[in-house]
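To start, the structure under review is shown below, and the notes come after it.
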Amino acid sequence: MSAPKVWVVTGVAGFIGSNLLQELLALGQTVVGVDNFSTGHRANLDEVLAGPLETGARFRMVEGDIRDLDTCRTACEGADYVLHHAALGSVPWSVDDPLRTNAVNVDGFINMLVAAKDARVKRFVYASSSAVYGDTPEYPQIEDRLGRPLSPYAASKTTNETYALAFQMSYGLQSIGLRYFNVFGRRQDPAGAYAAVIPRWIATLLRGERCRIFGDGETTRDFCYIANVLQANLLAATVGNANATGQAYNVASAESVTLNQLFHMMRDRLALDDPRFSFAAPQYDPFRQGDIRFSSASIEKARTMLSFSPTHNVAQGLAEALDWYVARARASGGRSVAATVRHSTSVGANTHSREHRTGAPLPLAAS
Ligand SMILES: NC(=O)c1ccc[n+]([C@@H]2O[C@H](COP(=O)([O-])OP(=O)(O)OC[C@H]3O[C@@H](n4cnc5c(N)ncnc54)[C@H](O)[C@@H]3O)[C@@H](O)[C@H]2O)c1
């Protein structure tokens, strides 16, 4: 705050990008945002910029596509740091159309590297993904033990890490990759590409329907609250130790939560407002082929090299974000809590069959 800088945030209209924007503006920084609104939303920017006029004055938007080098150059001119988050994050999309994912996630990534290098930015921080671990049977996942990539999306993120390092070696552009595990928090798109199990379940509970769990509920995930992601970005951009650059780090809570535990946490939080929620029960369906059984990250490397120290575990993140999720679910058609709870307590075969007809499968795989 004592020495404000200029930060480029690509993917600024998305979930993580808009939270980065909010955090940086609150810290008195100047932000240049880049987005083509392909999966991001103008409403996310409106929500952040609704604050004091002075804050908005420190934000400039470059609406455009990172596949266009000139757009990237325009954004990076005069910038100190780049936080590169624009990407197509959907694993199924990448399987359907690998060329498009490659064009955005790899060609667009290299455009940003070139623009950042030519603008002589101090550091290039970028979103990688736990998807780079692919089919590794080892867990907790440790940075240097990668499996085989299971999708074109995973390949694109692995390629990002290789190119970032190559640019550091060839041109001295310092970079740090952040391998996010299932991130959750305000402005998470429930219809988005990622493991949107939290917004989906909250909306399901509010509608008075049963949350579907595939398997016995003992499947684990490492859910990471957005505040921890913001911290990791700021540390990665500003860490003084040059040896910390040219590397990728897990960004997670390092807290392995079973789906049963997650369901109970959510149900119990909702029950604080209306005790009848405590009667809600999940619906168990057969295991799905391809779902990873256990996912958890070691964050020792980030702790040691970046002084990363998560401020929120899953329960604390849920407590902070629940109101936002509930408001969003209601705004998009959720029923009142009272009506919901009446229905929740009497879920039966009808609900079950409706879910089977219309319910989209619960996406659990981290991306
Ligand atoms: N959310 C997670 O749990 C998670 C997990 C692992 C990795 N990541 C990575 O973090 C980053 C941000 O993810 P998110 O959850 O905020 O996703 P998001 O879809 O909400 O945000 C991505 C943003 O990038 C923009 N974008 C896409 N293609 C673009 C292009 N060609 N030009 C300009 N802008 C473009 C989109 O419009 C969107 O605003 C992505 O790189 C993603 O792969 C996210």
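Name the most mobile residue of F181, F214, F279, meaning the one with the largest mean-square fluctuation, in a Gaussian network model of the chain with Cα contacts below 10 Å.
Most flexible of the set in this elastic network: F279.
Can you figure out the FRET efficiency of W324 with R145, using R₀ = 35 Å and their beta-carbon distance, to the nearest 0.05? Before the final figure, lay out the partial values.
Working: r = 36 Å, r/R0 = 1.02.
FRET efficiency, W324 to R145: 0.45.
Kirkwood-based Rg over Rh for the stretch 199-266 (C-alpha set), two decimals? Before the final figure, lay out the partial values.
Details: Rg = 16.9 Å, Rh = 14.6 Å.
Using Cα coordinates only, the ratio equals 1.16.
Would you list the P(r) distribution for the stretch 1-159, with all Cα-Cα distances sorted into 10 Å bins from 0 and each bin expressed as a whole %?
Going from the shortest bin to the longest, the percentages are 11, 37, 33, 16, 3, 0.
Just how many % of Cα pairs in the stretch 141-255 lie over 20 Å apart, if you round to the nearest whole percent? Spell out each step's value before the answer.
Numbers: 3599 of 6555 pairs.
Result: 55 percent of Cα pairs exceed 20 Å.
Give the span of the stretch 50-94's Cα atoms along each principal axis, as three whole-Å numbers ordered largest to smallest.
41, 25, 18
I need the Debye-formula profile for the stretch 91-169: one equal scatterer per C-alpha, no solvent, reported as log10 I(q)/I(0) at q = 0.16, 0.22, 0.25 1/Å, two decimals.
-0.64, -1.01, -1.15
For the chain, modelled as a Gaussian network with Cα springs under 10 Å, which listed residue fluctuates most, P199, P140, P152?
Taking springs between Cα atoms under 10 Å, the residue moving most is P140.
Quick one: net charge of G240's neighbours, Cβ under 12 Å, K/R +1, D/E -1?
On the way: positive: K122, R123; negative: none.
With Lys, Arg at +1 and Asp, Glu at -1, the net is +2.
Take the chain, connect every pair of alpha-carbon atoms lying under 10 Å apart with a spring to form a Gaussian network, then pick out the residue of L49, L99, L20 with the largest mean-square fluctuation.
Looking only at L49, L99, L20, the largest GNM fluctuation is found for L99.
Once every DSSP H run of n ≥ 4 in the chain is given -39500 (n - 2.57) and the sum is divided by its residues, what mean residue ellipticity at 222 nm do you get, rounded to the nearest 500 deg cm²/dmol?
Working: 15 runs with 156 residues, N = 367.
Mean residue ellipticity, 222 nm, calculated: -12500 deg cm²/dmol.
Taking the Cβ-Cβ separation of L53 and S2 as r and a Förster radius of 25 Å, what is the calculated FRET efficiency to the nearest 0.05? Mind showing how you got there, number by number?
Working: r = 23 Å, r/R0 = 0.92.
With a Förster radius of 25 Å, E is 0.65.
Please arrange E320, E209, E218 by counting, for each residue, the other beta carbons lying within 10 Å of its beta carbon, fewest first.
Final ranking by Cβ density, sparse to dense: E218, E320, E209.
So who's got an amide H within less than 5 Å of the one on F184, skipping anything under 5 residues away but keeping other chains? H placed 1.01 Å off N, in plane.
C224, Y225, I226
Counting other beta carbons within 10 Å of each residue's own, what order do H312, H41, H85 fall into, fewest first? Show your work: numbers first, answer last.
Numbers: H312 20, H41 16, H85 27.
Going from sparsest to densest Cβ surroundings: H41, H312, H85.
For Y284 and A191 in the same chain, what is the full-extension length gain: residue separation times 0.36 nm, less their Cα-Cα distance, in nm? Intermediate values should be presented prior to the final figure.
Values: separation 93, 0.36 × 93 = 33.48 nm, distance 2.19 nm.
So the chain would gain 31.3 nm between Y284 and A191.
Based on the alpha carbon coordinates of the chain, what radius of gyration and maximum Cα-Cα distance (Dmax) apply, in Å?
Rg then Dmax for the chain, in Å: 20.5, 64.
If amide hydrogens are placed 1.01 Å from N in the peptide plane, which non-local residues have theirs closer than 5 Å to the one on R179?
Amide H to amide H, under 5 Å and 5 or more residues apart or across chains, R179 pairs with S128, Y249, N250, V251.
Can you compute the FRET efficiency between Y171 and T304 using 1/(1 + (r/R0)^6), with r the Cβ-Cβ distance and R0 = 25 Å? Round to the nearest 0.05.
Working: r = 27 Å, r/R0 = 1.08.
Efficiency computed from Cβ-Cβ geometry: 0.40.
Based on the Cα gyration tensor of the stretch 29-112, what are the three equivalent ellipsoid semi-axes, each the root of five times an eigenvalue, rounded to whole Å and given largest first? Intermediate results must be reported in sequence, preceding the final value.
Working: eigenvalues 132, 53, 15 Å².
Output for the stretch 29-112: semi-axes of 26, 16, 9 Å.
Bear in mind that the values in this text are calculations on the coordinates, not laboratory data. What you see is a predicted model; the values in this text were computed from it and never measured. Every residue, glycine among them, receives a Cβ derived from its backbone with ideal geometry; neighbour counts consider all protein chains shown.
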